[in-house]
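The values are calculated or read from the model by the stated rules, or taken from the named source; none is laboratory data. Since we're looking at a predicted model, the values are computed, not measured. All Cβ positions, glycine included, derive from the backbone under ideal geometry; neighbour counts span all protein chains shown. The protein model used for the area step is the full one, side chains on, heavy atoms only, and it has no ligands, DNA or RNA in it. Shrake-Rupley method; radii C 1.70, N 1.55, O 1.52, S 1.80 Å.
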Amino acid sequence: MTVRQNIGMETTMDLLDRALARQRQAAWARQLNIDPSALAQAKKRNHLSPTLAGALAMEMGEDERKWLLISALEGEPETPLLQRIKKATATMVFGAAKS
């Protein structure tokens, strides 16, 4: 079981899925003034960059700080130190109970 599963952390793909449920990928690219391939590449990598996650969150009325943190943590390799940081921030940011 991964740390993400342990603390019930959302992923940037969850944010992207919610964004794409609101409007098409091309519309988001126009709205964010980015190349449409940026979202396609993010889907392929299974991860949004902190900048893209924050921008989408702001446009969707979600907490951009939360999504910046999630994206930054997703980009790190799984290590005991990362587990410790995720657990420490779980209640503060993700609303999950610490274990």
Among the residues listed as 65, 45, 30, the single one being surrounded by fewer than 18 Cβ atoms within 10 Å (Cβ to Cβ), under 21 Å from residue 89 (Cα atoms) and of a type outside the set (A, V, I, L, M, F, W, C): 65
Filter result (open to solvent by less than 70 Å² (accessible area, probe 1.4 Å) and at pLDDT 80 or above) within segment 86-99: 86, 88, 89
Would you check if there is a residue in segment 60-71 being of a type outside the set (S, T, N, Q), under 13 Å from the mean Cα position of the chain (by Cα) and modelled with pLDDT under 90? no
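Considering each of 14, 35 in turn, give the residue that is open to solvent by 40 Å² or more (accessible area, probe 1.4 Å) and more than 22 Å from residue 91 (Cα to Cα).
Values: 14 fails: more than 22 Å from residue 91 (Cα to Cα).
The match here is 35.
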Within segment 66-80, tally of residues that are among the small types (Gly, Ala, Ser), assigned to a loop (DSSP other than H, G, I, E, B) and touching a Leu at 6+ places or on another chain (Cβ under 7 Å): 0
